[in-house]
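A.B. asks: Questions regarding the structure given below will be posed in turn.
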Amino acid sequence: GENVEQHPSTLSVQEGDSAVIKCTYSDSASNYFPWYKQELGKRPQLIIDIRSNVGEKKDQRIAVTLNKTAKHFSLHITETQPEDSAVYFCAATPFSGGYNKLIFGAGTRLAVHP
Amino acid sequence: GAGVSQSPSNKVTEKGKDVELRCDPISGHTALYWYRQSLGQGLEFLIYFQGNSAPDKSGLPSDRFSAERTGGSVSTLTIQRTQQEDSAVYLCASSGPKGGPTDTQYFGPGTRLTVL
């Protein structure tokens, strides 16, 4: 089955610096890659996603890149702010009789220090 | 409109007891998912419902776990003979109107289950 690995598990940056989180997936048929942000004690929320026919997508300070050949995708946060501190999860959709579920990475705990 | 709701928010039970967790998805969403999140861990897929199709149960960890979705709306996750390793936050998510994981999944607040 699909396996999604996420690195690093923890990331500490200074306010204003950039943060990069990387994920790899095993199922070459996976075609959708969302990123979720989970603040402490709250529910996960989608922050950006990318489909397999696109190599890069940006939304203000957040961008995601996808390399289908290498089967990895990355989240880039620029000009980090303390409110970016949270756990970030990547996910992928494997093909198993249809694209019908998300397999999540283990998460990256990002701490942005003022 | 109202988001995904779950009840109870917290559940403490004794080992060996059965528990039922409830999820009310966003109205009109055809897809509903259950995930489990152990302390400090990622989200583990449990089960997926899409419309009237047979559910994808491939993530259920044992036959003690079951789920149903009545009338294409409310879902109940049942854990029989609970074990301490079942302790986790159980999250429900829904997506629509087409459903399927390429639609944004909206998560509920979760039910924190503690098995003593």
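A.B. asks: Which strands (runs of 3 or more DSSP E) does region B:51-101 wholly contain that include 3 or more residues that are within 14 Å of chain A (Cβ to nearest Cβ) and of a type in the set (Ser, Thr, Tyr)?
C.D. replies: Values: elements: B:65-69, B:75-79, B:88-95.
Hits in region B:51-101: B:88-95.
A.B. asks: What tally of residues in region B:102-116 results from selecting those that are among the hydroxyl-bearing types (Ser, Thr, Tyr) and either within 17 Å of B:Val12 (Cα to Cα) or more than 10 Å from chain A (Cβ to nearest Cβ) (or both)? Outline the logic, then answer.
C.D. replies: The initial filter retains those residues of region B:102-116 that are among the hydroxyl-bearing types (Ser, Thr, Tyr), namely B:102, B:104, B:106, B:111, B:114.
Still in the running and either within 17 Å of B:Val12 (Cα to Cα) or more than 10 Å from chain A (Cβ to nearest Cβ) (or both): B:111, B:114.
Looking only at that region, the number is 2.
A.B. asks: How many residues does region B:17-45 contain that are more than 11 Å from the chain's Cα centre (by Cα), closer than 22 Å to A:Leu40 by Cα and surrounded by 15 or more Cβ atoms within 10 Å (Cβ to Cβ)?
C.D. replies: From region B:17-45, those more than 11 Å from the chain's Cα centre (by Cα) are B:17-19, B:26-31, B:38-43; that's our starting set.
Filter once more, so that each one left must be closer than 22 Å to A:Leu40 by Cα: B:38-43.
Retained after the next criterion (residues that are surrounded by 15 or more Cβ atoms within 10 Å (Cβ to Cβ)): B:42-43.
Counting residues in region B:17-45 that are more than 11 Å from the chain's Cα centre (by Cα), closer than 22 Å to A:Leu40 by Cα and surrounded by 15 or more Cβ atoms within 10 Å (Cβ to Cβ) gives 2.
A.B. asks: Read through the list (1) under 24 Å from B:Ala88 (Cα atoms); (2) touching a residue at least 24 places away in the same chain (Cβ under 8 Å), then give the number of the only condition that A:Lys42 fails.
C.D. replies: (2)
A.B. asks: So, of the residues in region A:1-22 that are among the aliphatic types (A, V, I, L, M) and buried (at least 17 other Cβ atoms within 10 Å of the Cβ), which turns out to be modelled with the lowest pLDDT? Step through it out loud before you land on a result.
C.D. replies: Initial filter on region A:1-22 (among the aliphatic types (A, V, I, L, M)): A:4, A:11, A:13, A:19-21.
Next, from what is left, pick out any that are buried (at least 17 other Cβ atoms within 10 Å of the Cβ): A:4, A:11, A:13, A:19, A:21.
Values: A:Val4: 94, A:Leu11: 98, A:Val13: 97, A:Ala19: 98, A:Ile21: 98.
Top of the filtered list is A:Val4.
For (1) of a type in the set (A, V, I, L, M); (2) in contact with a Cys (Cβ under 7 Å, 6 or more places away or on another chain); (3) more than 26 Å from B:Pro109 (Cβ to Cβ), each residue gets a yes or a no:
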| residue | (1), (2), (3) |
| --- | --- |
| A:Val4 | yes, yes, no |
| A:Ser9 | no, no, no |
| A:Glu15 | no, no, yes |
| A:Ala19 | yes, no, yes |
| A:Ala29 | yes, no, yes |
| A:Arg51 | no, no, yes |
| A:Lys68 | no, no, yes |
| A:Phe73 | no, yes, yes |
| A:Ile77 | yes, no, no |
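A.B. asks: Return the residues of region B:62-86 that are touching a residue at least 24 places away in the same chain (Cβ under 8 Å) and under 14 Å from the mean Cα position of the chain (by Cα); say none if nothing qualifies.
C.D. replies: Once the filter is applied, which keeps residues that are touching a residue at least 24 places away in the same chain (Cβ under 8 Å) and under 14 Å from the mean Cα position of the chain (by Cα), region B:62-86 yields B:Ala67, B:Arg69, B:Ser73, B:Val74, B:Ser75, B:Thr76, B:Leu77, B:Thr78, B:Ile79, B:Asp86.
A.B. asks: Among the candidates A:Lys22, A:Lys101, A:Lys71, single out the residue that is in contact with a His (Cβ under 6 Å, 6 or more places away or on another chain) and charged (D, E, K, R). Spell out the reasoning first.
C.D. replies: Values: A:Lys101 fails: in contact with a His (Cβ under 6 Å, 6 or more places away or on another chain); A:Lys71 fails: in contact with a His (Cβ under 6 Å, 6 or more places away or on another chain).
Result: A:Lys22 is the single residue among A:Lys22, A:Lys101, A:Lys71 that is in contact with a His (Cβ under 6 Å, 6 or more places away or on another chain) and charged (D, E, K, R).
A.B. asks: Another question, then. Scan region B:68-86 for residues that are closer than 17 Å to B:Lys15 by Cα and among the charged types (D, E, K, R) and jot them down.
C.D. replies: Once the filter is applied, which keeps residues that are closer than 17 Å to B:Lys15 by Cα and among the charged types (D, E, K, R), region B:68-86 yields B:Arg81, B:Glu85, B:Asp86.
A.B. asks: Just for region B:1-14: of the residues that are surrounded by 13 or more Cβ atoms within 10 Å (Cβ to Cβ) and in a loop (DSSP other than H, G, I, E, B), which one is modelled with the lowest pLDDT?
C.D. replies: It comes out as B:Gly3.
The values are calculated or read from the model by the stated rules, or taken from the named source; none is laboratory data. Since the structure is predicted, the reported quantities are computational estimates derived from the model, not experimental observations. FYI the Cβ positions are ideal-geometry reconstructions off the backbone, even for glycines, and counts take in every protein chain you see.
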